[in-house]
1. Considering only segment 1-75, give the helices (runs of 4 or more DSSP H) lying wholly within it that have at least 2 residues that are β-branched (Val, Ile, Thr), in contact with a helix residue (DSSP H, G or I) (Cβ under 8 Å, 6 or more places away or on another chain) and modelled with pLDDT under 95.
2. Mind checking whether some residue in segment 197-214 is out of contact with any strand residue (DSSP E or B) (no Cβ under 9 Å at 6 or more places or on another chain) and either part of a loop (DSSP other than H, G, I, E, B) or open to solvent by 80 Å² or more (accessible area, probe 1.4 Å) (or both)?
3. Please state which of the following conditions Asp267 fails to meet, knowing it meets all the rest: (1) under 18 Å from the mean Cα position of the chain (by Cα); (2) acidic (Asp, Glu); (3) surrounded by fewer than 16 Cβ atoms within 10 Å (Cβ to Cβ).
4. Could you go through segment 232-249 and let me know if any residue there is modelled with pLDDT under 95, open to solvent by less than 80 Å² (accessible area, probe 1.4 Å), out of contact with any helix residue (DSSP H, G or I) (no Cβ under 9 Å at 6 or more places or on another chain) and part of a strand (DSSP E or B).
Amino acid sequence: MKSLVTLLFTITVLCSFSSPKQEFSAEIRNKEQILDSLFTLLRASSQDIDYKKYNNLFISELEQTLELEDAFDYPFHSLKKMSKIKSPDNEFRLFNWNVESESGVHSFYCYILKKNGTVIKLRDNHRMISRPELKTLTHSNWYGAAYYKIIVTKKGKYTLLGWNGKDGITTQKVIETMNLSRRGAKFGFSIFEYPNERVKKKRIILEYSDEAIVSLKFYQTKKSEEIIFSHLSPSTPQMEGFYQYYYPDLSFDKFVLKNGKWWFETDAPMKNE
């Protein structure tokens, strides 16, 4: 009995040391409440004048919050309707959201908080970027999206999966590539390999009807890392190039990560989660 008590005491002590409860400042908890209130007002708005007002207030408050020492690790549980994802290598964190105007056009906002406390503000310019799949971009000229997955492609380089609601006619899923410098971010690298294709794409944009549901997911096993996504086709051959008529055709394509590059394969079997 004495041995059992000693064993239980030892386990309790070890657990208390191995899983310390992190304490956060009252200041950042208060900031979270303010941010949550402003974001709730933003999402409840129905007019552009209110969108702009509350979004600007939210941005101002968020910028102050990200300067706080414990912002990188603070969970921000109350901000449920925006992306707050952290990179798998724990090097940076994204704070990312969208605003939809009265006309149905989406604008995107994103702040990158690095582990060392550096904050990088991304400026969305996706509506003005021609042939975006071929462009290298920066944090000041960013193809906006709401990101939901960060993949480490290789040390210091990342692939991001995101969504762009576009304009109420078409919607996009985006496979973005990124690396971070000391105080900036660069987007768009030629790491997508297609058989028999000379032009190297720097990001992948799947554009389709606003009525469609399109899958874009990352799967990782001990043997492989893959991005699997819906294959899109026009509803009729005459609609080719008119993306408001593109829908999933129940087949799938994928990119397989090999030596820091994404290799394209078609007719991929869909994995069952």
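The values are calculated or read from the model by the stated rules, or taken from the named source; none is laboratory data. This one's a predicted model, so the numbers in the text were calculated from it and none came from an experiment. Positions of Cβ are generated from backbone atoms using ideal geometry, with glycine treated the same way; all protein chains shown enter the neighbour counts. Areas reflect the complete protein model, heavy atoms only, side chains present, ligands, DNA and RNA absent. Shrake-Rupley method; radii C 1.70, N 1.55, O 1.52, S 1.80 Å.
1. none
2. Checked segment 197-214: at least one residue is out of contact with any strand residue (DSSP E or B) (no Cβ under 9 Å at 6 or more places or on another chain) and either part of a loop (DSSP other than H, G, I, E, B) or open to solvent by 80 Å² or more (accessible area, probe 1.4 Å) (or both).
3. (1)
4. Looking for residues that are modelled with pLDDT under 95, open to solvent by less than 80 Å² (accessible area, probe 1.4 Å), out of contact with any helix residue (DSSP H, G or I) (no Cβ under 9 Å at 6 or more places or on another chain) and part of a strand (DSSP E or B), one finds at least one in segment 232-249, hence yes.
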